[in-house]
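Notes follow the structure.
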Amino acid sequence: MTLHPMLAQMLSLMPAEPDYGRHTAAAARAAMQARVGMLLAMAPRPAGREDFVHDGLALRIIRPDTPGPHPVILFLHGGGWVVCSNDTHQPLAVAIANASGAAVVLVEYRLAPEHPFPAAVHDARDGLIWVRRHGAAHGLDANRIIVAGDSAGGNLAAVVAAHAHGLAGQWLIYPVTDWPDAAAYPSYVQNDVGFGLSTAAMRWYWQQYGGDGPDARPMQRADLAGQPPALVQTAQYDVLRDEGEAYAARLGAAGVPVQLTRHAGMIHGFLSMTGLLPGADAALAEGAAWVQARFQSR
């Protein structure tokens, strides 16, 4: 399938890539804020929202408009561990909460390069610990938790899922699972130019993050057995496509129940365009149905 026309038009309006030899985290954050500004302005307000800080970690609960207590999706936002925030991903969290009936708990993990690996991993784990210890007091069903995330957040979700016990599932949305290796993952060549996320950008993000080992690169984990069931969603025109699909294959080979979907005609980050892009709506519906099935099985 060819690139969706709406995405092609959007990509044609994007500025040229920066000089990554001189690029700064501040510039990257400003550019991302400019890119998502329109989506944030158009986004619906959540039915319920609660912000608070626990032991220095900022958390945000997005609730659906249904009676609680609600099962929980612990969501870790993308952005290469360098950009994005709970604010940039609130529209996606609202869409997920409304579609799934679950409360979405967003974790404002520390960003690189100011806080390189493993700071984000520690914050992601602390977010899960908070839900389990204190979620009931906030109207959450702490016995039913799915960990989820997109891109770098999908990486963090995979790391949390590898260590945690008793999760209902892991929802990995075009996740980062390894270093950008074109020999191992041909999508780094096939989708390198003109689709919004390049190989050079991923190399720059990894330089800022500075991680190695299985808690940075989930593909390097020797044994994936015993992890919770997974939904892995990839995009046809995404440099991360092949490593996400390779990780899904490894989970399946280890005996983990896996549902893998490559979304045709889509690019990296497409799920954040729910309500605007039919392919994003389809991916959201798929994720919501999978979430509901996992919670019903608990």
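The values are calculated or read from the model by the stated rules, or taken from the named source; none is laboratory data. Predicted, not measured: the structure shown is a model, and the values here were computed from it. Cβ coordinates were reconstructed from backbone atoms using ideal geometry, including for glycine residues, and neighbour counts include every protein chain displayed.
Take residue 232 and decide whether it is closer than 19 Å to residue 185 by Cβ, β-branched (Val, Ile, Thr) and in contact (Cβ under 8 Å) with a residue 60 or more places away in the chain. I'd like the intermediate steps shown before the answer.
On the way: closer than 19 Å to residue 185 by Cβ: yes; β-branched (Val, Ile, Thr): yes; in contact (Cβ under 8 Å) with a residue 60 or more places away in the chain: yes.
Spelling it out, residue 232 is indeed closer than 19 Å to residue 185 by Cβ, β-branched (Val, Ile, Thr) and in contact (Cβ under 8 Å) with a residue 60 or more places away in the chain.
Looking only at segment 227-274, how many residues end up being closer than 22 Å to residue 180 by Cβ and either part of a helix (DSSP H, G or I) or at pLDDT below 95 (or both)?
Final tally of qualifying residues: 14.
Can you pull out the residues in segment 112-145 that are farther than 17 Å from residue 217 by Cα, of a type outside the set (Gly, Ala, Ser) and free of Cβ contacts under 8 Å to residues at least 12 places away in the same chain?
115, 129, 133
Select from segment 163-191 the residues that are farther than 11 Å from residue 247 by Cβ and of a type in the set (A, V, I, L, M) and write down the one among them that is farthest from the chain's Cα centre (by Cα).
Across segment 163-191, the extreme among qualifying residues is 183.
What single numbered condition from (1) in contact with a helix residue (DSSP H, G or I) (Cβ under 7 Å, 6 or more places away or on another chain); (2) in a helix (DSSP H, G or I); (3) buried (at least 23 other Cβ atoms within 10 Å of the Cβ) fails to hold for residue 288?
With (1) in contact with a helix residue (DSSP H, G or I) (Cβ under 7 Å, 6 or more places away or on another chain); (2) in a helix (DSSP H, G or I); (3) buried (at least 23 other Cβ atoms within 10 Å of the Cβ) applied to residue 288, the lone miss is (3).
Pull up segment 249-278, narrow it to residues that are surrounded by 23 or more Cβ atoms within 10 Å (Cβ to Cβ) and in contact with a strand residue (DSSP E or B) (Cβ under 7 Å, 6 or more places away or on another chain), then point me to the one that is nearest to residue 83 (Cα to Cα).
This residue is 268.
So that you can scan it fast, the table gives a plain yes or no per residue for (1) among the acidic types (Asp, Glu); (2) within 27 Å of residue 23 (Cα to Cα):
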site	(1), (2)
199	no, yes
210	no, yes
229	no, no
243	yes, yes
252	no, no
258	no, no
270	no, yes
273	no, yes
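Which of the residues belonging to segment 131-154 are polar (S, T, N, Q) and either in a helix (DSSP H, G or I) or under 10 Å from the mean Cα position of the chain (by Cα) (or both)? Please lay out each step first, then the result.
Step one: filter segment 131-154 for residues polar (S, T, N, Q), giving 143, 151.
Within segment 131-154, just 151 meets the criteria.
Can you tell me which residue is farthest from the chain's Cα centre (by Cα) among those in segment 55-94 that are assigned to a loop (DSSP other than H, G, I, E, B) and polar (S, T, N, Q)?
Initial filter on segment 55-94 (assigned to a loop (DSSP other than H, G, I, E, B)): 55-56, 64-69, 77-89.
Okay, now just the ones that are also polar (S, T, N, Q), so 66, 85-86, 88.
Working: 66: 24, 85: 12, 86: 12, 88: 12 Å.
Step by step, filter segment 55-94, then rank; the result is 66.
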